[in-house]
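The values are calculated or read from the model by the stated rules, or taken from the named source; none is laboratory data. All figures in this text were calculated on a predicted structure; none of them were measured in a lab. Because the Cβ atoms are built from the backbone with ideal geometry, glycine has one as well, and the counts that use them run over all protein chains shown. Keep in mind that these areas ignore ligands, DNA and RNA; they rest on the heavy atoms of the full protein, side chains included. Shrake-Rupley method; radii C 1.70, N 1.55, O 1.52, S 1.80 Å.
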Amino acid sequence: MLDLVTDTATDTAHTAPPQVPLIEARGLCKSYDRRKMILDGIDLEITKGERIALIGSNGSGKSTLLKSLIGLHSISGGSLRCFGDPVSAQSSRAQRLNMRRQTGFVFQKHCLVRRRSVLSNVIHGLFGEPGSWRAFSHSLASRDWRERAMQALADVDLADKAMDRADMLSGGQQQRVAIARALVRRPRLLIADEPAASLDPVSGQNVMNLFTQLCQTHAITLIYTSHDMAHAVDHADRVVALKHGKILFDRPASRVTRAHLQDTFDG
Amino acid sequence: MVDPRQTAPGRFTGFSPINFVLLVALGAMILASMGQVSPTPQQLVDGVPGMVNLVGRMLPPNTEPAFLARIGVRILETFQIALVGAAIGILLSLPIAWCAARKVSPLGRGHVVVKAFVSFLRTVPDLVWALLFVASIGLGAVAGTMTIMVDTVGFCGRFFAEAMEDAEKEPQEALSAIGAGKGSILVGAILPDIMPSLINSSLFALEKAVRSSVVLGLVGAGGIGQELKVAFDLFQYQNASMIILAIFLIVMVMEVMTDKLRAYIQ
Ligand SMILES: Nc1ncnc2c1ncn2[C@@H]1O[C@H](COP(=O)(O)OP(=O)(O)OP(=O)(O)O)[C@@H](O)[C@H]1O
Ligand SMILES: [Mg+2]
């Protein structure tokens, strides 16, 4: 292992600086009640530009892991670095802001502000940018921001719903608005918790294709969970499986077999 | 995790012997107090001629134009006290409620202090506030406005804070993941979510303000109540009956108006 590192270091010294992992978790533990460990010693390294699919049965801790990555949940043990900064309860507001500004997060539940227009909800994605008091509503936002938001909506095929109230949309449409909200800020890291779960097959495929295309053109790093094994295997470089709070396997998507999946979801 | 041997809870779990004793004690206290403060039948019978006499002297209500004009000015003043006091109170309540709301407050744990302060404002009765302000600011409408303001903050501060605590959590978490601060979360996610409840509480506060501004004059804090006190003090019962009618009108108009507004907003 050690010589391997030195080997590649001399090899790439003149081409690129050594890659700092975008996310680095060491022995990450998380418990909500100090008794049951939901995450129990997770080691995970994610480098820039990777696309990672996270799989696991219901309650295996996928959402918990994703939320911990950007400090939405405080971790109970181990260490975690995101964009090179440590993530912990002690992180400063500036560190947290730096991390969150570069991250787009699509939640498993839609999490839109219900009484606001779809466009306002997408513009909310620009909170944290300079001048973000204007992100409260589409009527305050600058022309540039509104155009960016419309582009993001067009990317998820919802441009015609821009002025509808968010809670008047169907579940799948709301999910797509949430995706647009995460994309409007042009994140470097996109975390999506079951982005395609409530979408019809075609929209689900479109969203996954959109992600893949964004990752290729803008070098976005993508981490997503999915219960659709086709999505998990076809759109990721790496598949990480969680089981009983531990990583069951972490391997290239092309080398995930039926037996691996069987193992993940068995008992 | 559920223990299969767990038995269903009994039907009267909440009713312990202690509760029974407390209930009997409460009943005994009510009966004993009745002997001391409630009117005896004899007193009621004796009071009837007095009441009839009073009502007789109140009729007909005074309808002299000069008097009506004076009342009209006082009614206007009452409305002004209620409107200005409630408006300022509602505006002040928003930041105060924000500081008092659990989990939402920018003060963190300090929210308890603000909450206690709001409770204090609410538990002191409005007439006592009026006495305090009359003593410190002096007689007149300004003392009344201050009273209504404090009263409104006590009322709205609590209900706004509760609404903020009950606001949907997921959108707040989403905005926080985006990097929004506490203030942005308040304006971006919480306020839009609780707007109907805010408006409803504010309308109630306005109704309450009109009702209390009517009596504030009894202790010299301006408004129509002042005329009522003068009328009773000088035994001008026909004036008093006119004023009571006017008060009835004010409160009714106010309630009809807020009901209409509420229906319009729903
Ligand atoms: N806020 C919370 N408080 C307490 N326990 C929680 C909380 N969120 C999740 N859990 C618990 O943590 C465990 C893992 O939940 P999590 O949501 O991470 O699972 P998941 O892998 O995302 O499942 P799914 O596939 O159903 O989305 C569950 O047992 C759940 O009960
Ligand atoms: Mg989940």
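See the values below:
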| read-out | value |
| --- | --- |
| Residues of segment A:34-53 satisfying the condition of being over 18 Å from residue A:221 (Cβ atoms) and within 16 Å of ligand 2 (Cβ to nearest atom) | A:38, A:39 |
| The listed residue being within 16 Å of ligand 2 (Cβ to nearest atom) and either surrounded by fewer than 17 Cβ atoms within 10 Å (Cβ to Cβ) or more than 8 Å from chain B (Cβ to nearest Cβ) (or both), out of A:90, A:151, A:108, A:102 | A:108 |
| Residues that are away from chain B (no Cβ under 14 Å), more than 22 Å from residue B:179 (Cα to Cα) and within 15 Å of ligand 2 (Cβ to nearest atom), drawn from segment A:54-86 | A:54, A:55, A:56, A:57, A:58, A:60, A:61 |
| Residues satisfying the stated conditions in segment B:177-207, i.e. buried (at least 18 other Cβ atoms within 10 Å of the Cβ) and facing chain A (nearest Cβ under 7 Å) | B:177, B:178, B:179, B:180, B:184, B:188, B:189, B:192, B:193 |
| Helices (runs of 4 or more DSSP H) completely within segment A:163-239 that count 1 or more residues being closer than 20 Å to residue A:102 by Cα and open to solvent by 60 Å² or more (accessible area, probe 1.4 Å) | A:201-218 |
| Residue under evaluation residue A:196, criteria (1) of a type in the set (A, V, I, L, M); (2) more than 21 Å from residue A:126 (Cβ to Cβ); (3) under 12 Å from the mean Cα position of the chain (by Cα), criterion not met | (3) |
